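What follows is a set of notes on a single structure, which appears directly below.
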Amino acid sequence: MNALYKTLLQSDAKEPPAVRFATPGATGEGVIDVSTFQAIEVDRLFDAINHAATLTGQATLYRSLVQPLASANLVRAKQDAVREIESNKALRESLETLTKQAKSLEDDFYGLLFGTFLGLLSSPAHKLEIEGYGYETYKKGTRFMLNLVDAANRVPKPNSEYLRALIDDLRNFANSRAYALMKGPVYRTEKDVRPKAEKPWYMPAIRFRPSLFKPVGLTIAAVLLLLALQFVPLLLDMAMSIAPVFWLFLLPISFVYIPLVGGFDRDGCIYPLRDIFKRSEDVQNTLDSLGKLDELLSFVRFKEAFGHPVVLPKIIEAERHSMTFKNVRNPVLGKDNPGYVPNDIGLKNTRLTFITGPNSGGKTAFCKTLAQSQLLAQIGCYVPAQEAELTVADRIFYQVPEISHLADGEGRFGTELKRTKNIFLATTSKSLVIMDELSEGTTHEEKIEISMNILDGFYQKGGNTVLITHNHELVDAFQKKGIGLAKQVEFKNEQPTYRVVEGISRVSHADRVARKIGFSKEDIARYLSGGK
């Protein structure tokens, strides 16, 4: 189940995995690239849908958003798992218990793997510096992994293949060497640490007990002392003479015993064991399976918390990208917002769609809704709509106006054109491309001509291309050729309704915006005359 992604825990890691550890690839390397990641605000989307209990679950969810699935079968498999969790109360309760237990000990596990145990006389300077020799952290950290197996064995057998595989991953950890070492007993030999099954009976070794109290060693020491007192009269006389103040000798003895025993256990047993755990692929894969289970639970919790209808979209197969939503809302802005206005959209065999209308009418929010909903669908999550049907996109691109840099040597027009070119070369008929304006930074006539050429190219590629534009002449030109779907944001009495309706907007409402912010023609004249 973990072959698609690099595991959250890596053998060479120096610290616990961060929640936002994943990064998108370059253009064409994955479903989304860095620019799209930023433009559609994936970090805010993560915050809106994140209801995972564990750090591992949160990191898994974030990784899914950054590296969404490109396989329809895998998306459907996750959807089936989500449906089963939602409908099977006993299954959900057992998984909730599993993740709750994991959350309570997760910090201790990462403390075991990455902590520095300072002994008794040093003070921690940060979270991963821990007082003592690591005994409590070791016991709690290993219990974290052992509990996963125990809890997985109590989970009712799921029907979903995806869920069964994840539960089996947790259960099968019990067959690993790392599990045997965690469960114990563990023996420190001359060269390494070993579980009982790997230690021949004749091999000299010390059994590791995660405690300063060593019953066998202390018993042997006591027996030897009694024998010495019994058979060496001088020692007996000395013992009788110091008996009233014997406790005074315990303190200096403890100053030798504690660092000697604690330091040996830490350096000779705990540190070598935690290195084995960190390098263990079984540990790494088990953690990832825990994260994926918690991610599925997060989807169900997101549905319950969103405050509007959500649905697992129907995933269809088609030669070209297709997308249909009924009453879709933005997953970030619509959460806990009873007044958010939903919209319908059907992008099926359209190839080109134009969204026109004045500023502040909701064009950008609507187009981000499309991109974010497509992304949610491709991680197996609910989308904020009453009905949804779509294909899996091999690429999701969102282009926004670029800021040119002196080093580019091209200016704004050249900078944006490079981005458009890279998107064009990476897309196929199964891609979703959303662009906020085209060919900025040139003359109106050149803008029309170059935009026509670019959009013709995307049309021939055959994917779904959506353009936000104020340029109604451009839309008119394609409409005359019978190409493209024309949509506009609706205004009534110069106020936006935030509905997307049929048609082409031919007004900008620029004067309304200028008046609203106090910079209309009349305002400028007033400022010049000394008014405020």
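Going by what's in this entry, would MET435 be described as among the aliphatic types (A, V, I, L, M), free of Cβ contacts under 8 Å to residues at least 40 places away in the same chain and closer than 23 Å to GLY362 by Cα? Full working, then the answer.
Working: among the aliphatic types (A, V, I, L, M): yes; free of Cβ contacts under 8 Å to residues at least 40 places away in the same chain: yes; closer than 23 Å to GLY362 by Cα: yes.
Taking the combined requirement at face value, the residue satisfies it.
From (1) at pLDDT 95 or above; (2) among the aliphatic types (A, V, I, L, M); (3) farther than 28 Å from PRO338 by Cα, pick out the condition that doesn't hold for VAL400.
Failed condition: (1).
Looking for something over 24 Å from the mean Cα position of the chain (by Cα) and in a loop (DSSP other than H, G, I, E, B) - is there at least one such residue anywhere in the range 163-178?
yes
May I ask you to say which residue of VAL466, VAL489, VAL475 is in a helix (DSSP H, G or I), within 23 Å of ASN343 (Cβ to Cβ) and in contact (Cβ under 8 Å) with a residue 12 or more places away in the chain?
When all the criteria are applied, what remains is VAL475.
Of ILE167, ILE206, which residue is more than 22 Å from PHE264 (Cα to Cα) and of a type outside the set (Gly, Ala, Ser)? Walk me through it before giving the result.
On the way: ILE206 fails: more than 22 Å from PHE264 (Cα to Cα).
Just a single option satisfies the conditions, and that option is ILE167.
Hey, LEU98 hits all of (1) touching a helix residue (DSSP H, G or I) at 6+ places or on another chain (Cβ under 8 Å); (2) part of a helix (DSSP H, G or I); (3) within 27 Å of VAL42 (Cβ to Cβ) but one; which does it fall short on?
(3)
Of all residues in the range 336-358 being assigned to a loop (DSSP other than H, G, I, E, B) and either in contact with a Cys (Cβ under 7 Å, 6 or more places away or on another chain) or of a type in the set (D, E, K, R) (or both), which is nearest to THR324 (Cα to Cα)?
The extreme case among them is LYS348.
Scanning the range 72-90 for residues that are of a type in the set (Lys, Arg) and touching a residue at least 24 places away in the same chain (Cβ under 8 Å), which turns out surrounded by the most Cβ atoms within 10 Å (Cβ to Cβ)?
Checked the range 72-90; the qualifying residue surrounded by the most Cβ atoms within 10 Å (Cβ to Cβ) is LYS78.
Kindly indicate whether ASP267 is charged (D, E, K, R), surrounded by fewer than 21 Cβ atoms within 10 Å (Cβ to Cβ) and either touching an Asp or Glu at 6+ places or on another chain (Cβ under 8 Å) or within 22 Å of ALA174 (Cα to Cα) (or both).
The answer is no for ASP267.
Inside the range 337-362, can you point out the residues that are within 32 Å of the chain's Cα centre (by Cα) and of a type in the set (Phe, Trp, Tyr)?
The answer is TYR340, and nothing else.
When you check PHE354 against the structure, is it under 30 Å from GLY57 (Cα atoms) and at pLDDT 95 or above, yes or no?
Against the criterion (under 30 Å from GLY57 (Cα atoms) and at pLDDT 95 or above), PHE354 does not qualify.
Of the residues that sit in the range 379-397 and are out of contact with any helix residue (DSSP H, G or I) (no Cβ under 8 Å at 6 or more places or on another chain) and part of a loop (DSSP other than H, G, I, E, B), which one is farthest from TYR340 (Cα to Cα)?
Out of the qualifying residues, it is ASP394.
Can you go through ILE483, ILE450 and tell me which one is surrounded by fewer than 16 Cβ atoms within 10 Å (Cβ to Cβ) and under 41 Å from the mean Cα position of the chain (by Cα)?
ILE483
Against the definition (surrounded by 16 or more Cβ atoms within 10 Å (Cβ to Cβ) and in a loop (DSSP other than H, G, I, E, B)), how does GLY57 come out, yes or no?
no
Can you confirm whether GLN67 is buried (at least 17 other Cβ atoms within 10 Å of the Cβ), under 30 Å from SER429 (Cα atoms), in contact (Cβ under 8 Å) with a residue 24 or more places away in the chain and under 17 Å from the mean Cα position of the chain (by Cα)?
Spelling it out, GLN67 is indeed buried (at least 17 other Cβ atoms within 10 Å of the Cβ), under 30 Å from SER429 (Cα atoms), in contact (Cβ under 8 Å) with a residue 24 or more places away in the chain and under 17 Å from the mean Cα position of the chain (by Cα).
Could you say whether any residue in the range 456-473 is in contact with a strand residue (DSSP E or B) (Cβ under 9 Å, 6 or more places away or on another chain), among the hydrophobic types (A, V, I, L, M, F, W, C) and over 23 Å from LEU390 (Cα atoms)?
no
From the list ASP43, ASP33, which residue is without any contact (Cβ under 8 Å) to a residue 40 or more places away in the chain and either closer than 23 Å to PHE306 by Cα or surrounded by 20 or more Cβ atoms within 10 Å (Cβ to Cβ) (or both)? Give the derivation first.
Numbers: ASP33 fails: without any contact (Cβ under 8 Å) to a residue 40 or more places away in the chain.
From the options ASP43, ASP33, the qualifying one is ASP43.
Among the residues of the range 272-307, count how many are crowded, with 18+ Cβ neighbours inside 10 Å and in a loop (DSSP other than H, G, I, E, B).
Residues flagged as crowded, with 18+ Cβ neighbours inside 10 Å and in a loop (DSSP other than H, G, I, E, B) within the range 272-307 amount to 1.
Name the residue, out of ARG143, ARG207, that is crowded, with 16+ Cβ neighbours inside 10 Å and either aliphatic (A, V, I, L, M) or not in a loop (DSSP other than H, G, I, E, B) (or both). First the steps, then the outcome.
Details: ARG207 fails: crowded, with 16+ Cβ neighbours inside 10 Å.
ARG143 is the lone residue from the list that is crowded, with 16+ Cβ neighbours inside 10 Å and either aliphatic (A, V, I, L, M) or not in a loop (DSSP other than H, G, I, E, B) (or both).
The values are calculated or read from the model by the stated rules, or taken from the named source; none is laboratory data. Everything quoted here is computed from the prediction, not taken from an experiment. Quick reminder, even Gly has a Cβ in these numbers, built from the backbone with ideal geometry, and neighbours come from all protein chains shown.
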